[in-house]
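The values are calculated or read from the model by the stated rules, or taken from the named source; none is laboratory data. Owing to the predicted nature of the structure, the values given are computational and were not obtained by experimental measurement. Glycine also receives a Cβ, built like all others from the backbone with ideal geometry; neighbour counts cover every protein chain displayed.
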Amino acid sequence: MSHQQLYPVTQAALARTYLTNEQYLQMYQQSIKEPEQFWAEHGRRLDWITPYTKVKDSSFELGNVHVNWFSDGTLNASYNCLDRHLPAKANQVAYFWEGDEPGVQKAVTYQELYDEVCQLANGMRSLGVGKGDKVTIYLPMIPQAAVALLACARIGAVHSVVFAGFSPDALGSRIVDCDSKLVITADQALRGARTTALKDNTDLALGHLGAANPVKHVIVVKHVGQNIDEHAGRDVWYHDLLAAQPKHCEPEPMNAEDPLFILYTSGSTGKPKGVLHTTGGYMVWASMTHQYVFDYQDGDVYWCAADVGWVTGHTYIVYGPLANGATSVMFEGVPTYPNVKRIAQIVDKYQVNVLYTAPTAIRALMAHGTAAVEGANLSSLHLLGSVGEPINPEAWHWYHEQVGKGQCPIVDTWWQTETGGALITPLPGATALKPGSATRPFFGVIPAIVDNEGNLLDGTCEGNLVLLDSWPGMMRTVFGDHDRFEQTYFSTYKGMYFTGDGAKRDEDGYYWLTGRVDDVLNVSGHRLGTAEIESCLVAHEAIAEAAVVGYPHDLKGQGIYVFIAPRVGVEPSDDLTKAVKEWVRREISPIASPDLIQWAPGLPKTRSGKIMRRILRKIAANEHDSLGDISTLADPSVVEHLIENRLNK
Ligand code: WT7
């Protein structure tokens with residue numbers, strides 16, 4: 001890594017930045033040496049109803065893990081995103097919404113957003129929803145998605161957004177887990193001219209739950225205009241509900257540690273976990289990182305091309321930019337529809353200054369040479385961002401040259417659903433860049449690298465990435481299962497939060513993320529648990545055993561490689577393979593659909609019956625020459641069979 005290229009801070013970035021490198025270094029030192037003073041000061045970037053006097057109270061000690069920030073302060077997140085901007089910004093655009101189909105668009109000002117949030121909040125209160133109630137949001141990327149989040153925040157309801165690509169069963173299990181009273185959905189979603197019947201899916205999900213169904217009402221946005229089955233007494237049209245509601249709604253005063261939202265994410269074991277974020281610390285983190293990482297300044301047009309179904313959408317489409325009074329682009333569609341020029345055309349159309357997207361999208365465009373950027377004027381861009389997976393240097397350079405025309409710094413932001421916002425990231429006016437490195441920690445973040453025994457490593461090293469102390473934006477618990485929170489994040493290495501990621505640190509103290517070291521896959525920036533896919537597979541009638549591993553994939557980063565053993569009497573066939581793929585798509589989501597399915601009479605196991613995934617990973621990666629020690633295998637011939645019939649040659 002010593003010969004890597006260095007991209008110094010550009011003059012243009014330096015000319016407009018909040019922070020130079022010296023200021024970053026000085027502030028960073030203060031943030032970790034005097035966290036109380038540092039965060040007492042920066043917490044004041046929000047408007048508080050009751051100012052806090054306490055700042056930090058946390059412990060990572062197993063058995064006593066707790067994280068509290070600003071815990072005697074009260075505030076309202078929607079007030080911070082809306083009301084406080086109105087005097088100056090009522091007519092400023094909050095969202096330029098760009099529909100799936102070019103030419104379909106809508107601008108929403110801060111006043112309009114405020115009005116609609118208040119109306120929906122009042123409408124929800126009229127349905128009996130209030131502080132502490134859970135609301136599941138299952139919506140496409142339309143302005144009502146932001147409205148729904150903020151309306152929940154306004155009345156103190158806790159939202160749980162479920163990505164619109166998830167199946168009825170995935171939706172249903174998330175509804176039950178958090179005991180949602182209300183679902184907000186739309187008739188259909190539209191992405192790349194393909195529709196998803198969200199309301200039908202909701203009906204199916206609730207139908208399957210039977211007596212366990214906690215949902216009293218379903219609010220339906222008429223978006224595509226499709227007919228829906230109306231369940232009298234339960235379903236209500238969004239537009240009907242809002243019609244009678246006043247455009248003012250008192251924001252509910254919330255304690256800083258009252259929950260703001262739950263967001264389900266996959267881990268290495270079991271079903272998805274409800275990651276719980278609270279109000280004060282999360283909002284401080286969302287707004288502060290949005291300001292400094294994207295060097296956001298009034299007048300900028302900012303576009304985070306993520307989906308509100310993921311944490312990136314929560315923090316960097318809704319809460320961060322709105323807390324800062326920003327103007328954002330919100331895009332309903334996909335980068336490749338109607339063709340690969342779409343992203344560039346949107347940048348051109350709205351004169352976007354900051355573009356934040358994922359390596360998988362960049363690689364999809366890069367696959368078409370320069371076609372994706374031809375004919376569009378991209379000179380409005382001054383900053384680019386990347387998130388979701390390590391960005392390979394090839395994609396970094398293409399992004400830098402073709403999209404940024406060599407002029408725009410790239411902020412490669414490392415973070416997780418659990419962290420609430422960016423933790424390791426360049427700051428455009430302070431950090432010299434190295435392609436492929438997320439560089440240095442944000443304020444208050446203390447990363448470290450440990451070996452497999454949990455020993456802290458010094459200087460340049462490679463190992464497991466941990467975080468040594470809490471930061472305001474971090475998750476507080478796994479909803480309903482604090483023990484799982486402790487076990488998942490704090491039991492691997494004593495007194496440390498384990499990220500699940502591998503990382504290197506170089507001679508400049510820069511961090512290089514190397515990918516997950518646990519059984520979590522990152523497919524096109526989507527996080528999937530192998531255990532989750534495996535349990536779906538073995539629920540299929542033809543399958544006796546299944547093991548799922550990732551393998552390097554040019555476009556997706558990682559592809560999904562499935563090894564399955566059929567039940568006795570089942571003959572594998574192409575049709576059956578197709579049916580298995582279809583099964584996973586339907587039971588979980590198209591994003592979990594296997595890329596390669598290899599049938600095998602058996603899977604490699606230790607004598608104690610544990611599937612040896614290490615070996616399967618090697619075979620899937622076509623690295624079977626270096627299988628390592630297989631002496632503990634119960635039956636080595638299984639491996640020969642697998643290698644002979646491997647699919648990724
Ligand atoms: C995992 C978290 C961050 C919001 C979207 C994903 C990987 C994320 C980077 C990056 C290398 C990255 C990690 C992390 N990841 N950003 N810039 N460089 N890896 O959130 O679904 O919770 O996934 O995504 O492996 O643990 P998520």
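Close contacts from the stretch 514-527, counting a first residue that is under 17 Å from ASP412 (Cα atoms) and a second that is of a type in the set (Lys, Arg) and near the ligand (Cβ under 7 Å from one of its atoms), with Cβ to Cβ under 8 Å and a gap of 6+ residues or different chains, come to ASN522/ARG516.
Output the strands (runs of 3 or more DSSP E) that fall wholly within the stretch 528-644 and possess 2 or more residues being of a type in the set (Val, Ile, Thr), or say none.
Filter on the stretch 528-644 gives 543-553, 557-566.
In a residue-by-residue description of the stretch 58-69, the property of being in a loop (DSSP other than H, G, I, E, B) and of a type in the set (A, V, I, L, M) applies to at least one position. Where strands (runs of 3 or more DSSP E) fall entirely within the stretch 86-176, those with at least 1 residues that are buried (at least 24 other Cβ atoms within 10 Å of the Cβ) are at 93-98, 134-138, 158-161.
From the list GLN11, GLN5, GLN92, the one residue that fits, being at pLDDT below 95, within 30 Å of LYS341 (Cα to Cα) and not assigned by the TED database to the domain that holds THR196, is GLN5.
Residue-wise test of (1) over 26 Å from the mean Cα position of the chain (by Cα); (2) farther than 26 Å from PRO259 by Cβ.
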position: LEU25; (1), (2): yes, yes
position: PRO35; (1), (2): yes, no
position: GLU41; (1), (2): yes, no
position: ILE49; (1), (2): yes, no
position: TYR52; (1), (2): yes, no
position: LEU75; (1), (2): no, no
position: ASN80; (1), (2): no, no
position: VAL93; (1), (2): no, yes
position: ASP100; (1), (2): no, yes
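Picking from residues in the stretch 394-441 that are among the aliphatic types (A, V, I, L, M) and within 14 Å of the ligand (Cβ to nearest atom), the one that is surrounded by the most Cβ atoms within 10 Å (Cβ to Cβ) is ALA422. Quick one: in the stretch 457-497, which of the residues that are of a type in the set (Asp, Glu) and assigned to a helix (DSSP H, G or I) is nearest to the chain's Cα centre (by Cα)? Residue satisfying both the conditions and the ranking: GLU486. Scanning the stretch 442-456 for residues that are outside any loop (DSSP other than H, G, I, E, B) and within 13 Å of the ligand (Cβ to nearest atom) yields a single hit, PRO447.
Only one of the numbered conditions (1) under 21 Å from the mean Cα position of the chain (by Cα); (2) of a type outside the set (A, V, I, L, M); (3) more than 22 Å from ASP240 (Cα to Cα) is violated by THR136, and that is (3).
So, in the stretch 483-500, how many residues would count as being more than 14 Å from SER266 (Cα to Cα) and in contact (Cβ under 8 Å) with a residue 60 or more places away in the chain? If you could, list the steps in order and put the result at the bottom.
As a first pass, look at the stretch 483-500 and keep what is more than 14 Å from SER266 (Cα to Cα): 483, 486-487, 490-498.
Now narrow it down to the ones that are in contact (Cβ under 8 Å) with a residue 60 or more places away in the chain: 486, 490-491, 494-497.
Matching residues across the stretch 483-500 total 7.
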